[in-house]
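Before any comments, here is the structure.
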Amino acid sequence: MEKADWFFDVISPFGYLHFHSLAALDGRVDVQTIPVLLAGLLKHWDTKGPAEIPPKRLHTYQYCVWKAGELNLPFRMPPRHPFNSLNAQRLLVAAQADREVVSRAFDFVYGEGRDPELEFDAFAEHLGLNNAREIVGATAVKQQLLANTERAISLGAFGVPTLMVRGRLFWGSDTVEWTRAFLDDPKLFERPTYEDAARSEFGVARR
């Protein structure tokens, strides 16, 4: 079975929704869950996350409430958001971030509505890890999270969640069906309409 890379950060409620939607791809691709730091992606591309724009923040949170209901998922926003996800992501790197661990991490944050920064020890316990403070300070762990983030950037990832399949990036929690269409038709992006869209020239730049 071919592999797909899924870049995520628990700071993203869309990541929670997308993670549980990936089950639709089971048997098609072997998804490798890779922790990255959203802040690093945003800094590189000089952009903002949804939570940094007040009306978009409200829209995002309430949309996620609705979508989670559509997916039959429990959903609660943590008491504050965004939070600093650096140590949570480092902990996930140290835990090898397999799907069971990632599921527990997202369920802590958006299933139970808890803050992994302010409740870091409880978050680590939820993942089944001891000596969490020592773990996140390890040089190898820090370097691996940085390497994961730099790799995602080098592939063109600009946000999370992002799934990379056969060299194509699918960003956002609503792209599972598009991914399935690509798996069904590997030449999807070679269609004239896709190529025409890719040739559209950059227009006016904001000052």
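Kirkwood Rh over alpha-carbon pairs of the stretch 74-177, then Stokes-Einstein at 4 °C and 1.567 mPa s: what D in µm² s⁻¹, rounded to an integer? Taking Rh from Cα pairs, D becomes 88 µm²/s. The H on the amide N of residue 4, modeled in the peptide plane, is under 5 Å from the matching H of 30, 31, 32, each at least 5 residues off or on a different chain.
Sequence-distant contacts, meaning Cα pairs under 8 Å at least 6 residues apart, place the relative contact order of the chain at 29 percent. Rg and Dmax of the stretch 32-105, based on Cα coordinates, read 14.0, 36 Å. Taking Lys and Arg as +1 and Asp and Glu as -1, the other residues whose beta-carbon sits under 11 Å from that of residue 85 total -2.
Within straight-line reach of residue 67, meaning a Cα separation under 17 Å, sit the following aspartates and glutamates at least 8 residues removed in sequence or on another chain: 107, 112, 174, 177. Separation of the alpha carbons by more than 29 angstrom is noted, of 142/187; 43/142; 56/142, for 142/187; 56/142.
With the alpha-carbon atoms of the stretch 3-199 aligned to their principal axes, the span from lowest to highest coordinate is 53, 37, 36 Å, starting with the largest.
I need the peptides 10-19, 125-134, 183-192, 147-156 ranked by packing, meaning the mean over residues of other C-beta atoms within 10 angstrom, with the highest value on top.
On the way: 10-19: 25.1, 125-134: 13.6, 183-192: 10.9, 147-156: 16.5.
Descending packing order for the listed peptides: 10-19, 147-156, 125-134, 183-192.
Each value in this text was obtained by applying a stated rule to the coordinates, not by laboratory testing. Keep in mind it's a predicted model, so treat the numbers as computed, not measured. Quick reminder, even Gly has a Cβ in these numbers, built from the backbone with ideal geometry, and neighbours come from all protein chains shown.
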